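Beneath this line is the structure, given in C-alpha cells, with notes to follow.
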Amino acid sequence: MRALGLRWPFLVVLVLVLIIQVASSLFFIFNLLADVFLIRVPFIPWEVQEILQILASFGLLSGVLCSVAILALSFKRMRKIEGQIEAAAGQFQTHIDGQFDAWALTPTERQIALLVIKGFSNSEVASLRKSTESTVKSHLTSIFRKSGLNSRQQLVASVIEDLIAALSEQ
C-alpha cells in the first residue's frame, strides 16, 4: 500500500501519532472547558491529571515532529520530480548531445542524426540541408558505424531508451 508515496509501516506510525494528537487535543480542550466553567472533575486525581498533561504534551510534540518529517520527505520528492521534469523538458538536447559526444559524431552528423530522430526522411533531410540524398545516406552510414547501430529505428530507440534510463535514475 502506497498512499501519498509512503510505505505502510510509516503510514501506521502516522495514523497512531494522529490518534494520539487528537486524544491529546481533546484532553486539553476538556481541561480548558472544565477550568472555564469551574467544573470539578472528581474522578481524576490531580497527580494523574499532571501525568496526563505531560503525556498529552508529548503527544502534541510527536505530531509536530512527524509533520516536520513528512514535510522534509515531501520536499525531497518534489526535488526529484522537478529533476525528472527538467530532464524530460529542458535537458533532452543536453542528453542527446552527450550521446552524440560518446559516439564522436561530427557537427554535420549530429545535425543529420537529430533530423532522423525527429522523423525526417533522407530526401527531407537532404532538402533541409541543401545537399543530395546520397550525401545524407553517406552520413547516416557513418553515424550507424560510430554508434554501433544498424537502422534509423535503432537510432531513435537508443536515444529514447537512454533518455528514459536517465529519467528513472533521478
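Suppose we filter segment 35-46 for residues that are at pLDDT 85 or above and part of a helix (DSSP H, G or I); how many remain?
The qualifying residues number 1.
When segment 117-127 is filtered for residues that are within 38 Å of the chain's Cα centre (by Cα) and either of a type in the set (K, R) or surrounded by 15 or more Cβ atoms within 10 Å (Cβ to Cβ) (or both), the ones remaining, listed by number, are I117, K118, F120, V125.
Yes or no, residue by residue, for (1) farther than 14 Å from H95 by Cβ; (2) of a type outside the set (V, I, T):
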| residue | (1), (2) |
| --- | --- |
| R110 | no, yes |
| F120 | yes, yes |
| V125 | yes, no |
| E133 | yes, yes |
| H139 | yes, yes |
| S142 | yes, yes |
| R145 | yes, yes |
| G148 | yes, yes |
| I164 | no, no |
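Within the set E82, E109, E86, E124, the sole residue that is more than 17 Å from L149 (Cβ to Cβ), modelled with pLDDT of 85 or more and among the acidic types (D, E) turns out to be E124. Being without any contact (Cβ under 8 Å) to a residue 24 or more places away in the chain and of a type in the set (A, V, I, L, M, F, W, C) is a property that V136 lacks. What is the number of the single condition among (1) closer than 23 Å to A166 by Cα; (2) among the charged types (D, E, K, R); (3) loosely packed, with under 14 Cβ neighbours inside 10 Å that K130 does not meet? (1) is the only condition that K130 fails. Given the criteria more than 30 Å from A166 (Cα to Cα) and aromatic (F, W, Y), does F30 qualify? Yes. Does L18 count as assigned to a helix (DSSP H, G or I) and not charged (D, E, K, R)? In short, yes. For T94, the conditions (1) among the β-branched types (V, I, T); (2) within 34 Å of the chain's Cα centre (by Cα); (3) surrounded by 14 or more Cβ atoms within 10 Å (Cβ to Cβ) all hold with the exception of (3).
No other residue among Q53, Q49 is surrounded by 12 or more Cβ atoms within 10 Å (Cβ to Cβ), over 25 Å from A69 (Cα atoms) and polar (S, T, N, Q) apart from Q49. The numbered conditions (1) small (G, A, S); (2) surrounded by 13 or more Cβ atoms within 10 Å (Cβ to Cβ); (3) without any contact (Cβ under 8 Å) to a residue 12 or more places away in the chain are all true for A102 except (2).
The values are calculated or read from the model by the stated rules, or taken from the named source; none is laboratory data. These numbers come from a predicted model, not from an experiment. In this analysis, Cβ positions are derived from the backbone assuming ideal geometry, glycine residues included, and neighbour counts consider all displayed protein chains.
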